[in-house]
Amino acid sequence: PLRNSKIATATTLADLFVRQRYEVPMVAEWFEKRNGEGLLIIFDGWDELSEQLRQSSLAASIICKEKLDQCSVIVTSRSYASSSLLEIMSNLSRHVQVIGFSKEEISTVIIQTLQKDTKLAQELIDKKRKDNKNYKPFTTTQSSKDSQLAVKLINDLEVRNDVQSLCYVPLVCSMVILVYCKEGGHLPTTLTQLYQNFILQTIRRHVKRHDINPHTLGSLSSLPSQLAKPLQEMCQLAYTNLANTRMTFSSHQLQSLSEAVKEDYLGLMTRFTDYDEEKYQFVHLSIQEFLAAWWIAKHEKKREEVFKDHFDDDHFRMCLRFVAGLTHLNMRAINSILIYN
């Protein structure tokens with residue numbers, strides 16, 4: 001994973017081995033003598049590399065065949081950063097774009113998520129396919145509330161094509177289902193609202209362990225101080241580290257988050273072991289991007305300068321979309337900021 005700083009800044013093949021065993025130097029040397037013949041390297045997350053490392057890292061050298069030119073390489077990237085990847089790959093053999101869920105698969109996921117009875121779920125899936133072939137509206141005779149909710153959500157998405165088009169991304173699809181259920185069968189209007197609601201629902205689930213009634217949490221802007229302070233700390237962490245293209249954190253790097261640590265990061269971070277060291281990261285990169293946007297929108301005094309400084313930065317592309325959504329900036333206002341500056 002290129003979000004791992006040790007992988008991103010590796011200088012030798014041996015550095016790329018996740019498990020550092022005593023055989024690693026010998027294995028690495030064996031492959032190096034053969035210029036990587038018989039070796040497959042998978043680099044995950046090209047878009048998470050800084051611009052400098054995209055030009056001068058070991059990963060970049062291997063990808064563009066300057067080193068280990070006989071090895072096979074697979075690189076994953078968000079679509080917006082793939083152009084910079086294609087620029088350095090002179091002998092690309094295959095370019096695969098993973099679209100995500102199809103329209104039919106979105107319906108299937110909704111049904112299987114909401115209807116836990118596998119028999120009823122399969123009946124609904126079969127009915128949906130049959131209705132599609134006959135160009136009929138999707139209905140059900142099942143009395144189950146879960147089945148009826150699934151049918152309602154699928155039909156609502158047919159009307160709201162803007163939200164349906166976001167659901168091809170598995171994470172977003174699951175967020176839409178969760179928010180739809182918690183918001184009484186109402187779809188969010190924008191992607192920004194979807195993330196706001198999802199993070200609020202995550203915090204509500206987190207506080208169930210405490211003496212706080214989750215139903216009293218109306219919005220992210222009106223959290224009680226014992227939750228607002230941890231959220232503020234995490235938003236600042238998200239912003240400063242997105243600017244430095246850092247997506248994983250050690251326990252030492254999180255020591256300053258005194259309030260967030262007490263609240264177990266509000267359920268918005270996950271921990272894992274890396275090189276026998278405990279590391280942390282946000283549950284998804286887009287969550288870090290949204291929290292960074294929240295910091296810019298709510299706490300950054302020179303918001304326009306941030307917009308201007310990062311407008312052409314791939315790593316801030318999604319974040320700035322969220323900023324525009326949170327501050328209600330339209331393209332005319334954004335263009336005026338850039339022209340004025």
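Each principal axis of the Cα atoms in the range 29-157 has its own extent, and those three values, largest first, are 67, 29, 25 angstrom. Close amide H pairs (under 5 Å, H built 1.01 Å from N) link Leu39 with Ser72, residues at least 5 positions away or on another chain.
Maximal additional length on extending the Lys152-Glu105 stretch stands at 15.3 nm, based on 0.36 nm per residue less the C-alpha distance. Sequence gap at least 6, Cα distance under 8 Å: using those rules, report the relative contact order of the range 5-88 to the nearest whole percent. Once normalised by length, the contact order is 35 percent. Residue-wise HN-Hα couplings along the range 130-146, as the Karplus relation 6.51 cos²θ - 1.76 cosθ + 1.60 with θ = phi - 60° gives them from phi, are 5, 5, 4, 5, 9, 6, 9, x, 7, 9, 9, 9, 5, 7, 4, 4, 5 Hz; Gly and Pro carry x.
Taking other Cβ atoms within 10 Å as a rough exposure proxy, Cys235, Cys181 sort from fewest to most as Cys181, Cys235. Can you give me the relative contact order of the range 220-340 as a percent, contacts being Cα pairs under 8 Å and 6 or more apart? Relative contact order, the range 220-340: 26 percent. Among [x] 37, 28, 22; [y] 36, 24, 15; [z] 43, 21, 16, which one is semi-axes √(5λ) of the Cα gyration tensor in Å computed from these coordinates? Checking each listed value against the structure points to [x]. With 30 Å as the limit on Cα-Cα distance, the pairs of Lys182/Lys229; Lys116/Lys208; Lys229/Lys301; Lys152/Lys229; Lys103/Lys298 that go past it are Lys152/Lys229; Lys103/Lys298.
Using C-alpha pairs below 8 Å separated by at least 6 residues, the relative contact order for the chain is 12 percent. With a cut-off of 12 Å, note down the residues of the range 236-252 whose backbone N falls inside the zone around a label point 7 Å from the Cα of Glu278 toward its beta carbon. Hits in the range 236-252 for Glu278 at 12 Å: 250-252.
Would you list His284, His215, His206, His299 from fewest to most Cβ contacts within 10 Å? Before the final figure, lay out the partial values.
Values: His284 15, His215 7, His206 19, His299 12.
If I rank by nearby Cβ atoms, fewest first, I get His215, His299, His284, His206.
Exposure proxy for Arg94, Arg271, Arg3: other Cβ atoms within 10 Å of each Cβ, ordered fewest to most, give Arg94, Arg271, Arg3.
How about the range 232-291: which GluC sites (Glu not before Pro) there are in a DSSP loop, with at most 12 other Cβ atoms within 10 Å of their Cβ?
none
Cysteine residues of the chain whose C-beta has no other cysteine C-beta under 4.7 angstrom: Cys64, Cys71, Cys181, Cys235, Cys319.
Counting DSSP beta bridges in the chain, what percent are antiparallel, to the nearest 5? Around 60 percent antiparallel, to the nearest 5.
Here, each number is a calculation from the coordinates, and none is a lab measurement. Quick caveat, the model's predicted, so the values are computed rather than measured. Every residue, glycine among them, receives a Cβ derived from its backbone with ideal geometry; neighbour counts consider all protein chains shown.
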